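Single-structure report; data block below.
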Amino acid sequence: MSINKILIGASLIGVFFINAHAKGVNPVLAALKGDEKIFVVERESESLAIIEQGMPKGRISGMHNMNHGVVKFIDKDGYVISRDGYIVKFDPENEKIVKEYKTSDSAIGFTIEKNYIAVANYAKKSVDILDRNLNPIQSFETGSKNVGIKTYKDYLVFSQMDNDKITVLKDKNGGKGLPKFEIYKEFNDVGVMPFDAMIKDNNFITGFFKSDFFGVVNLDTMEYTKIKILLEDRKPVLKVPHFGFWSISDGNVFIPAVGDNKVLVYTSDFKFVKNIETEGLPVFTALSPDKKYMAVTFSGDKFPVVQIIDTQTLEVIKRFEFDGKVLHARWSNIRPNLYISVNDTNKIAVINTKEWYVARELFNVNKPSGIFIYEEAK
């Protein structure tokens, strides 16, 4: 994402490059990409903590129920979806709320495009289309909880959890101006209780609570297929993690196995490669920007542990243990840093990913969970 600011003055540029070298940052990359401002979901206080230049700066309050808060950025705008169905637009540079709109009493999924925002509601049982200023445009009643909302070209795709259905909407305006969606295609009896989805190239991939396969819609041909995901001994994985917890490198897909101490490795077309043994029950996998490493977090008694996997050798190479539950991990795009939210002790730990040590800990972040990075261009 770009924010058009220009760093003026040779002396300022010189200081910037010296500081970048001192911090172990690639100065050319840092100069091109600018800096990072980090927004952290404070799970129990309806707020976003702000970290800038490596230090806690403050917070934005009034974000509503943040138990499943998700933040997304586009251009100079930030958006939050709260568990109780609010979309909140905020200014990430001036750190203030701009507007809010309640689409439902319960919602956790949304997607943003240049001309619109689409929200998949639970309680209202609809998919709502808003403009970028949160004015309602359209609403599609489904009679179901709606999940896994994604976009591809002029399509808006989502799953209906209660109806075992995948719906494809198409923008009649072809992406020009405000959208005008209509139902283009629906797939029935796709699997029992779809719950999450991801887009990979032209494929919409959805998972199910009660089916031992994934469903794949080819959005170019509008054909639907089922792909079984198996453990090494060929036992089906009957419950899979949300696709937000998957990692996709250039060649492999990494899936945390629910109920087993393994990360499953498949090729991009889901041919089995290997199961990587892990210390605990994996929950979340996060791939580094260069796709060389992957951070894995766990549940249960291994909640405080983070393991690092080398994606070339497919082996665990590093281990870190913290003094509380780890709820999220996020790699910096411009620094050799991996940010870890340690919920119980109200802090963000920063791992140096060149030498693999905990470089510092940032306190006064209340019950942190999701970590989201806004890139500020200079």
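The values are calculated or read from the model by the stated rules, or taken from the named source; none is laboratory data. Remember, predicted model here, so these are calculated numbers, not experimental data. So basically every Cβ, Gly included, is an ideal-geometry build from the backbone, and we count neighbours across all protein chains shown. To get the accessible areas, we keep the full protein, side chains included, count just its heavy atoms, and leave off ligands, DNA and RNA. Shrake-Rupley method; radii C 1.70, N 1.55, O 1.52, S 1.80 Å.
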Heavy atoms of the protein only, probe of 1.4 Å, neighbouring chains included. What is the accessible area of SER369 in Å², nearest 10?
10
Run the quick spin-label model on SER45 and ILE227: label points 7 Å from Cα toward the beta carbon, then report their separation in nm to one decimal.
4.2
Heavy-atom surface of the chain, accessible at 1.4 Å and reported per residue (Å²):
44
May I ask you to list the residues of the stretch 180-200 whose amide nitrogen lies under 20 Å from a point 7 Å from Cα along the Cα→beta-carbon direction of ILE74?
180-184, 197-200
Roughly how many percent of the accessible protein surface of the stretch 62-228 is carbon and sulfur, given a 1.4 Å probe and a whole-percent answer?
44
Structure shown: which of LYS228/LYS271; LYS145/LYS165; LYS89/LYS125; LYS72/LYS145; LYS150/LYS200 lie over 19 Å apart, alpha-carbon to alpha-carbon?
LYS89/LYS125; LYS72/LYS145
What are the ³J(HN,Hα) couplings of the stretch 262-278, residue after residue, when phi is run through the Karplus curve with 6.51, -1.76, 1.60 and θ = phi - 60°? Round to Hz, x for glycine and proline.
8, 10, 7, 10, 10, 6, 5, 9, 6, 8, 5, 10, 5, 9, 8, 6, 10
5 Å is the cut-off here: which amide hydrogens, built 1.01 Å from N in the peptide plane, fall below it relative to ASP162, excluding neighbours closer than 5 in sequence?
LYS145
At a 1.4 Å probe radius, carbon and sulfur cover how many percent of the accessible area of the stretch 256-378?
45
What's the FRET efficiency of PHE270 with ASN333 using the Cβ-Cβ distance as r and R₀ = 35 Å, to the nearest 0.05?
0.80
Would you calculate the separation in nanometres between label points at ASN218 and ASP290, each defined as 7 Å from the Cα along the Cα-to-beta-carbon direction?
3.7
Please give every one of the aspartates and glutamates within straight-line cross-link reach of LYS153, meaning a C-alpha to C-alpha distance under 13 Å, and leave out same-chain neighbours fewer than 8 residues apart.
GLU113, ASP171, ASP201, ASP220
